[in-house]
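Where a number appears in this text, it was derived from the coordinates with a stated rule and is not lab data. The shown structure was predicted, so the numbers you read here are calculated from the model rather than taken from an experiment. Here the Cβ positions follow ideal geometry from the backbone for every residue, glycine too, while neighbour counts run over all protein chains shown.
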Amino acid sequence: MLTTLHAHCPVLHLNELVQQDIIAGLGVSEPHIDLLAYSGKSSGTAMRSVSAFLIFLCCVGFIACKTSSPCPSGQFMLKNQCVLCHPTCSECDGHELFECTTCGVDEDGQERFLHQGRCRTHCPRGLYPDRGHYACLPCIANCELCTDGNICAKCREHYKLQNGVCQTASCDIGQVQDPDTGECIECEVGCKTCSTEDPEICNSCVEGYFL
């Protein structure tokens, strides 16, 4: 049975299983791993037994084994052949532009960021380009435009910007919400309400002032 399983399973060496934390998951500590490795030098049978047992567990699905891709970066396996990804992808699961799994700098030197399987030059509203992972990551809550995940530059409609955070819009008397940033800005002195296009234009006045 093991011979049949090996024919359909990836070849995994003991050190690969260690790196994948598979042995650790079975409760075998590093000193025991070293002992197994040492034993393997003097007795190949011990090492083969351990490896065969772990491979068997992988094949029957008792533990998860990750295998490295046989294709170089920028290619994927299709019918036992390495095929090029879409030019915008760094890595992919298929040759279409929406099958990217990893992004980076493309052939033209353009930075691209992963979002919904595509490597984009710009992230949609509500997301920002993270250059550490070359992916579009979400802004803070209720934020429409941001440059990182901590500070907002423009809030969504019905929210106001205050100290880099988006809060429910409810500007005070004598203030108006900036339509571009969502921030509450001061009207002209004496104004109770004012124009969103020009805060110096009063729509109504506070007591003691007249239009």
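Please work out the Cα center distance from segment 151-197 to segment 91-142, rounded to the nearest Å.
Distance between centres, Cα-based: 32 Å.
Which of rounded, prolate or oblate describes segment 152-205 when judged by the alpha-carbon gyration tensor and an a/c cut-off of 1.5?
Details: a/c = 2.55, a/b = 2.14, b/c = 1.19.
Prolate, since a/c reaches 1.5 and a/b exceeds b/c.
Compute the distance in nm between two label points, each set 7 Å from the Cα along the Cα-to-Cβ direction, one at THR168 and one at GLN116.
Inter-label distance under the simple model: 3.0 nm.
Which of the GluC sites (Glu not before Pro) across segment 96-135 are loop residues per DSSP, with 14 or fewer other Cβ within 10 Å?
Details: sites: GLU96, GLU99, GLU107, GLU111; in loops: GLU96, GLU99, GLU107.
Of the GluC sites (Glu not before Pro), the ones in loops of segment 96-135 whose Cβ has at most 14 other Cβ atoms within 10 Å are GLU96, GLU107.
What nm distance separates the two modelled labels at SER73 and GLU99, each placed 7 Å from Cα along Cα→Cβ?
Result: 2.1 nm between the two label points.
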